[in-house]
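To start, the structure under review is shown below, and the notes come after it.
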């Protein structure tokens with residue numbers, strides 16, 4: 001995005017905010033500005049092969065994690081597009097690029113404090129020892145792949161040191177043969193007479209697709225990497241990064257960028273950076289009274305913006321912050337929830353640019369998925385996906401010599417079939433549809449639908465032919481609910497995912513005006529899929545994990561994922577079904593689950609679980625984190641970035657089952673407001689509650705679709721004002737609004753009665 005475009009977008013956002021009245025009595029700067037991530041001691045789990053505890057920087061293409069003692073601040077560098085790309089078990093993974101060191105020997109044993117300003121996406125490192133005081137301001141610029149450092153001497157003594165750009169050292173490799181190995185890489189490094197240091201690393205031998213990344217660094221105004229800073233003075237360091245998928249000769253590109261860098265260019269990039277982030281924060285906002293939950297809400301959104309923007313290389317399990325090679329689970333796209341979960345909140349939060357990368361690996365794997373569907377189930381036009389994939393069609397869990405020799409149990413138990421590792425689960429591709437379905441119903445965007453429909457159609461075709469009819473309904477056989485539970489019948493997860501897939505395929509085909517002949521069978525399968533199985537636990541009826549096979553599980557949350565993310569139960573559902581769902585939530589009690597909190601909280605909201613309980617547990621969850629927002633002692637990374645934002649969005653503005661509800665599962669005594677939550681039907685919704693009364697609802701209709709709103713003022717008439725129609729009064733529990741494209745509606749409570757209808 002160029003500076004002119006950024007300014008236009010920023011002005012547009014401010015104009016939009018100005019029209020939202022009381023909802024925006026507090027601006028984004030006032031709401032988000034107070035929330036800073038604070039680190040008072042050096043990270044102890046960075047680098048590492050799982051989620052790190054470091055301050056996180058990034059722009060969705062490249063990233064840095066900061067660690068090390070005061071005298072040696074290390075910026076561990078990574079790029080989303082630096083992967084070893086070879087299909088094979090434990091042979092493909094996001095790789096590390098290197099690190100940038102800031103060495104200041106006088107700071108040994110200095111005090112340490114890093115503070116991250118989320119609103120401006122800027123990080124300040126404050127290091128003090130006697131007369132030596134140094135501040136390092138760090139930014140990865142939003143519109144260029146630049147790490148910019150401003151090192152200031154705030155003390156009384158001169159500060160000397162050096163900068164050093166290196167390829168990854170021994171601490172950045174996780175090597176544990178025979179399964180975890182260091183594969184042959186191509187490396188280069190050096191420096192030139194202008195003071196530019198550079199590194200290049202990639203994989204060109206024994207790979208399916210060649211990959212390469214480079215970084216170059218320069219201390220402005222110097223022809224060396226050493227510096228001496230007088231009191232009150234500062235220096236500026238620029239580190240440029242690129243990869244061969246973005247610039248073919250990435251090394252030459254970064255060397256030229258650093259050699260030609262000037263303070264004017266850097267200051268321009270920093271202004272663009274600030275404008276980009278302010279626009280991002282203004283895409284949607286929530287204003288809630290609990291500062292702990294709100295902090296976790298916004299640092300989760302910060303992390304997703306920092307790691308997800310490359311349209312072909314979305315973040316894996318650990319986001320962009322791969323600090324050690326090989327990362328656990330290959331750091332790949334695990335399709336039985338890990339890859340899908342981080343994106344949940346982005347759709348309702350209106351952060352569609354960060355959601356965009358999700359679709360690419362899923363679409364790129366279609367041909368391989370068709371191979372498995374035909375080979376294993378004799379369904380030629382469907383798709384069947386294994387547990388692990390990577391970018392550009394790579395299969396990270398494909399059977400190879402490593403699996404045959406050292407994971408032979410996969411072959412003996414049936415976890416691996418043909419060349420794929422499935423763990424008995426048929427649901428991986430269907431799980432991928434959840435996010436595509438969320439974006440479809442919240443945007444009705446034609447271009448998006450055209451891109452993803454071939455995949456959604458193929459998943460629907462698979463299930464259309466895989467379902468087995470018996471006793472008037474359609475059953476699912478031999479589909480594991482948990483990894484390795486081979487032979488399960490009617491697992492509750494798939495009983496939720498399959499109807500979601502079929503409905504999404506039907507509605508997409510209607511929008512695109514294609515495949516009318518398929519809809520009748522899809523609809524029949526959707527309407528007559530087997531019922532959920534139930535059981536009694538502790539005197540209460542709860543869901544059973546499957547009709548035949550696994551009945552319960554001591555951890556994880558697969559027992560409620562038909563509620564969320566599959567979306568098959570909500571407040572419009574049968575009251576008995578809702579009670580079973582609430583009983584199941586209470587019995588499972590998985591608020592701080594190692595894997596599934598990201599689905600458990602929103603599922604509780606969807607079925608109307610007690611709002612005070614949800615918020616109390618959400619606060620506990622928000623306190624159980626590292627300072628960067630990752631869950632404490634949980635090796636998983638960004639999958640939990642959705643938990644708090646998604647839960648709060650659902651509590652404030654729920655739009656499933658074709659009914660828009662504001663503050664439906666929210667404690668009425670807690671004042672709150674939100675702006676531009678993206679809801680089903682392609683509506684941007686804003687509302688506020690104060691003194692237990694909803695103040696207004698504002699709706700922007702992007703596509704002119706019908707909008708059914710639950711009246712938040714029971715028994716009261718409402719006034720509907722429009723920028724395209726005359727004001728009207730309406731009564732009833734449900735308010736049906738036939739909107740126009742780009743229509744802006746304001747709904748308030750009427751003090752007078754009227755029989756006039758909209």
Give me 323, 557 sorted ascending by neighbouring Cβ count inside 10 Å, so fewest comes first. 557, 323
Want the number for residue 41 to residue 723: 0.36 nm per residue separation, take away the alpha-carbon distance, what's left? 240.1 nm
To the nearest 10 degrees, how steeply does helix 263-282 sit against the main Cα axis of the chain, on a 0 to 90 scale? 20 degrees
Quarter of the Cα convex hull surface for segment 102-222, i.e. its orientation-mean projected area (nm²): 11.1 nm²
Helix 446-466 against the longest principal axis of the chain: what's the angle in degrees, Cα atoms only, rounded to the nearest 10? 60 degrees
Would you please give the FRET efficiency between residue 223 and residue 353, computed as 1/(1 + (r/R0)^6) with r the Cβ-Cβ distance and R0 = 41 Å, to the nearest 0.05? 0.55
Under 13 Å from a label point 7 Å along Cα→Cβ of residue 363: give me every residue in segment 383-408 with its amide N that close. 392-393
Taking other Cβ within 10 Å of each residue's Cβ, how do 404, 542 sort, fewest first? 404, 542
Residue 154 paired with residue 477, simple spin-label distance in nm, labels 7 Å along Cα-to-beta-carbon: 7.0 nm
What ranking of 619, 129, 412, 525 emerges when the number of other C-beta atoms within 10 Å of each C-beta is taken as an exposure proxy, fewest first? 412, 619, 129, 525
On full extension of the chain, what length is gained from residue 552 through residue 736, given 0.36 nm per residue of separation minus the C-alpha to C-alpha distance? 62.1 nm
I'd like the orientation of helix 291-307 relative to the chain: the angle between its Cα long axis and the longest Cα principal axis, in ° from 0 to 90, rounded to 10. 70 degrees
What full-extension length gain, to one decimal in nm, is calculated for residue 378 and residue 579 as 0.36 nm per residue of separation minus the Cα-Cα distance? 68.4 nm
Set the Förster radius R0 to 25 Å, insert the Cβ-Cβ distance between residue 412 and residue 470 as r into 1/(1 + (r/R0)^6), and round the FRET efficiency to 0.05. 0.20
Measuring from a point 7 Å past the Cα of residue 512 along Cα-to-C-beta, which residues in segment 451-487 have an amide N at less than 20 Å? 451-466
Tell me whether segment 341-434 comes out rounded, prolate or oblate; compute the Cα gyration tensor, take square roots of the eigenvalues as a ≥ b ≥ c, and use a/c under 1.5 as the rounded threshold. prolate
Rotationally averaged projected area of segment 672-749 (alpha carbon convex hull; nm²): 4.6 nm²
Calculated FRET efficiency for the pair residue 668/residue 592, C-beta based, R₀ 25 Å, to 0.05: 0.40
How large, in Å, is segment 3-287 by the Kirkwood hydrodynamic radius built from its alpha-carbon pairs? 20.2 Å
Mind putting together the pair-distance distribution for the chain? All Cα pairs, 10 Å bins, whole percent per bin, short to long. 3, 14, 23, 25, 19, 11, 4, 1, 0
Helix-derived mean residue ellipticity, 222 nm - over the chain, DSSP H n ≥ 4, -39500 (n - 2.57), to 500: -9000 deg cm²/dmol
Ratio to report: Rg/Rh of segment 572-712, with Cα atoms as the point set and Rh obtained by the Kirkwood method; give two decimals. 0.98
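Could you tell me the relative contact order of the chain? Use alpha-carbon pairs under 8 Å, at least six residues apart, and round to a whole percent.
Values: 1809 pairs, mean separation 88.0, N = 758.
Over the chain, the number comes to 12 percent.
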Just the Cα atoms of segment 154-215, one point each, no solvent: what log10 I(q)/I(0) does Debye give at q = 0.17, 0.18 Å⁻¹? -0.78, -0.83
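Pull out a ≥ b ≥ c, the square roots of the eigenvalues of the alpha-carbon gyration tensor of segment 232-277, then state rounded if a/c is under 1.5, prolate if not and a/b is larger than b/c, and oblate in the remaining case.
oblate
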Extending each Cα 7 Å along its Cβ direction at residue 108 and residue 262, get the distance between those two points in nm, one decimal. 4.2 nm
Cα→Cβ-extended label distance, 7 Å offset, between residue 624 and residue 527, nm: 4.4 nm
Segment 660-709 to segment 423-484: how many Å between their Cα centroids? 30 Å
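Throughout, read-outs are computed from the coordinates displayed, never taken from laboratory work. Worth saying up front: this structure is predicted, and the values here are computed from it rather than measured. In this analysis, Cβ positions are derived from the backbone assuming ideal geometry, glycine residues included, and neighbour counts consider all displayed protein chains.
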